[in-house]
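Okay, so here's the structure we're looking at.
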Amino acid sequence: MNITRTWSAKQQRALEILIRLKRLYPDAPCTLNYETPVQLLVATILSAQCTDERVNQVTPALFARFPDAPALANADITELETLIRSTGFYRNKAKNIQGACLLIVEKFKGEVPKRMELLLELPGVARKTANVVLAHAYGINQGVTVDTHVKRLSHRLGLTEHTDPVRIERDLMRLLPLEDWENWSIRLVYHGRAICKARNPACHACVLADSCPSANLSPSDSVNISLATSPQIVEASN
């Protein structure tokens, strides 16, 4: 089988996985709570090596005290650190949040930029954070967010051979429809938390198992899953 045919087969499998994820998780909203683009930016910076649940516990008090970019840019750094301490790495996160908001105020007239290359100028912002902000604050799908869940599941599902998030993102962008780039990531996060856990993936209960080269199944598990989940590829555009 040549490279073109191999990639086509992988794309077909990716689309089938997408269909099943849509059925399993029909609603895939952003799991961070926010009201404005700058609040989403801050919440996403805080989510690094921290659960979204913890971030959502921290941000109400944070945004009540510092609701926008000017307030965060001029915040007392010690107070800012105290408010976000429980998210971990709070000193570095506070420095990045304040630096990003200062640049937003001084260079971007108080508005979070809507272009990837401009977002990447902000302290603490890499492609993961920029993708989240563009997709959920502005409805712009410019890439695929690759966090630890997406990295782990994409590799297990055989959709990439890379470990570098940027290369993983490129592979997924080639395999998936643009309109599904961001919600693919959220659905993989849901699935990673519920089923495909890092240490003990529940392959016997996974609707993706018969399409997953890493699945550890008995013959009966494989038959039952295959019979229960056989969506048609043509539904991928729905």
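The values are calculated or read from the model by the stated rules, or taken from the named source; none is laboratory data. This one's a predicted model, so the numbers in the text were calculated from it and none came from an experiment. Don't worry about glycine lacking a Cβ; one is built from the backbone with ideal geometry, like all the others, and counts go over all protein chains shown. Side chains included, ligands, DNA and RNA excluded: accessible areas come from the protein's heavy atoms. Shrake-Rupley method; radii C 1.70, N 1.55, O 1.52, S 1.80 Å.
Conditions (1) of a type outside the set (S, T, Y); (2) farther than 18 Å from A14 by Cβ; (3) out of contact with any His (no Cβ under 7 Å at 6 or more places or on another chain), marked per residue:
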site: A135; (1), (2), (3): yes, yes, yes
site: Y138; (1), (2), (3): no, yes, yes
site: N141; (1), (2), (3): yes, no, yes
site: T145; (1), (2), (3): no, no, yes
site: L157; (1), (2), (3): yes, no, yes
site: H162; (1), (2), (3): yes, no, yes
site: E169; (1), (2), (3): yes, no, yes
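When K22 is tested against (1) assigned to a helix (DSSP H, G or I); (2) of a type outside the set (V, I, T); (3) more than 19 Å from the chain's Cα centre (by Cα), just one condition goes unmet, and that condition is (3). The set of residues in the range 172-215 that are of a type in the set (S, T, Y) and under 22 Å from E161 (Cβ atoms) comprises S185, S211, S214. From the residues in the range 66-94 that are part of a helix (DSSP H, G or I) and touching a residue at least 40 places away in the same chain (Cβ under 8 Å), which one is most open to solvent (accessible area, probe 1.4 Å)? Filtering first and then ranking leaves P70. Condition check for I140 on (1) closer than 19 Å to D27 by Cα; (2) touching a residue at least 40 places away in the same chain (Cβ under 8 Å): one failure, at (2).
Only a single item in (1) charged (D, E, K, R); (2) touching a helix residue (DSSP H, G or I) at 6+ places or on another chain (Cβ under 6 Å); (3) open to solvent by 40 Å² or more (accessible area, probe 1.4 Å) is not met by R23, and it is number (2). Residue count for the range 52-70, restricted to those that are of a type in the set (A, V, I, L, M, F, W, C) and in contact with a Gly (Cβ under 8 Å, 6 or more places away or on another chain): 1. Among residues of the range 175-193 that are under 14 Å from L153 (Cβ atoms), none has a Cβ under 7 angstrom from a residue that is crowded, with 22+ Cβ neighbours inside 10 Å and among the charged types (D, E, K, R) at a sequence gap of 6+ or on a separate chain.
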